[in-house]
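To start, the structure under review is shown below, and the notes come after it.
The values are calculated or read from the model by the stated rules, or taken from the named source; none is laboratory data. Computed from a predicted model, the values in this text were never measured in an experiment. Positions of Cβ are generated from backbone atoms using ideal geometry, with glycine treated the same way; all protein chains shown enter the neighbour counts. Ligands, DNA and RNA are excluded from the accessible area calculation, which covers all protein heavy atoms including side chains. Shrake-Rupley method; radii C 1.70, N 1.55, O 1.52, S 1.80 Å.
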Amino acid sequence: MEFTKYAHSTVALTKDGFTVVIDPGAYTPNAAELVAGATAVLITHSHPDHFDAGILKAALEAQPSLRVWAPPDAAAELGPHDGRVLAVRADDSFEAAGFEVTAVGEHHAPIHADLPLMSNVGYLIDGDVYHPGDSYVVPGAAVQTLLVPAAGPWTKLSEGIDFVRSVKPSRSVQIHDLTLSDAEGASFAQFISDLTGVPLLALEVGQSIVV
């Protein structure tokens, strides 16, 4: 399948003419365009950098075949749309536009003890690509391509390194990176690659690889 990195945590997977978009949020300038070209959308959690309810509601009205999977709180915000919006919980497995998907984890990584935990579901796609959303939850399955969050109020380099070591992917790809400067991005990539032995790809927005 073809994997394409877009702004921040938005990615697209294409196979056999079908496209799944993950986390088309408000930080992604072309989110509406990506959703318009998608067969299915997966949402990890309801933070606005991952989830734009307005775009998805409009797309669900305009695209009768579009289906969206999201944690229960985000799914409830969208509404059922004739059963095309489906709530996802940890360990659920389903098919989305020809892709085999397994949901991983329940909670967003802690930001601070004073803030309540919120829902977050990662997605393992075709037993190959794992998008963790905003978490370091390790799936109980082999992963070839691990998406690694690089920056944010909850991220920590040491935990990112341990995350990659625990998952043991063949390759890793940097996501959640909109707020990084070029120097910070290069530093993050070097630490991850050097201390895990797993190459970290820092793809440009719109750049694709075959996985």
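Some observations on this one:
- Any hit, segment 42-55, residues being at pLDDT 95 or above, in a strand (DSSP E or B), under 13 Å from the mean Cα position of the chain (by Cα) and buried (at least 24 other Cβ atoms within 10 Å of the Cβ): yes
- Scanning segment 81-100 for residues that are part of a strand (DSSP E or B), surrounded by 21 or more Cβ atoms within 10 Å (Cβ to Cβ) and in contact with a helix residue (DSSP H, G or I) (Cβ under 8 Å, 6 or more places away or on another chain) gives a single hit, Val85.
- Test: residue in segment 119-127 that is over 30 Å from Val210 (Cα atoms), modelled with pLDDT of 95 or more and either among the small types (Gly, Ala, Ser) or open to solvent by 60 Å² or more (accessible area, probe 1.4 Å) (or both): yes
- The residue of segment 143-173 that is most open to solvent (accessible area, probe 1.4 Å), among those that are of a type in the set (S, T, N, Q) and in contact (Cβ under 8 Å) with a residue 60 or more places away in the chain, is Gln144.
- Lone qualifier among Pro29, Pro24 - being over 13 Å from the mean Cα position of the chain (by Cα), outside any strand (DSSP E or B) and not small (Gly, Ala, Ser): Pro29
- Test: Asp134 is touching a residue at least 24 places away in the same chain (Cβ under 8 Å), under 30 Å from Ser193 (Cβ atoms), surrounded by 21 or more Cβ atoms within 10 Å (Cβ to Cβ) and of a type in the set (D, E, K, R): yes
- Criterion: outside any loop (DSSP other than H, G, I, E, B), modelled with pLDDT of 95 or more, surrounded by 22 or more Cβ atoms within 10 Å (Cβ to Cβ) and among the small types (Gly, Ala, Ser) - qualifying residue of Ala103, Ala74, Ala38: Ala74
- In segment 179-201, the residues that are within 17 Å of the chain's Cα centre (by Cα) and at pLDDT below 95: Thr179
- Residue count for segment 1-17, restricted to those that are of a type in the set (Lys, Arg) and either more than 11 Å from the chain's Cα centre (by Cα) or crowded, with 24+ Cβ neighbours inside 10 Å (or both): 1
- Selection status of Ser208, modelled with pLDDT of 95 or more and either under 19 Å from the mean Cα position of the chain (by Cα) or open to solvent by less than 20 Å² (accessible area, probe 1.4 Å) (or both): yes
- Single residue of Gly185, Gly197 found to be without any contact (Cβ under 8 Å) to a residue 24 or more places away in the chain, out of contact with any helix residue (DSSP H, G or I) (no Cβ under 7 Å at 6 or more places or on another chain) and either surrounded by 14 or more Cβ atoms within 10 Å (Cβ to Cβ) or over 21 Å from Val101 (Cα atoms) (or both): Gly197
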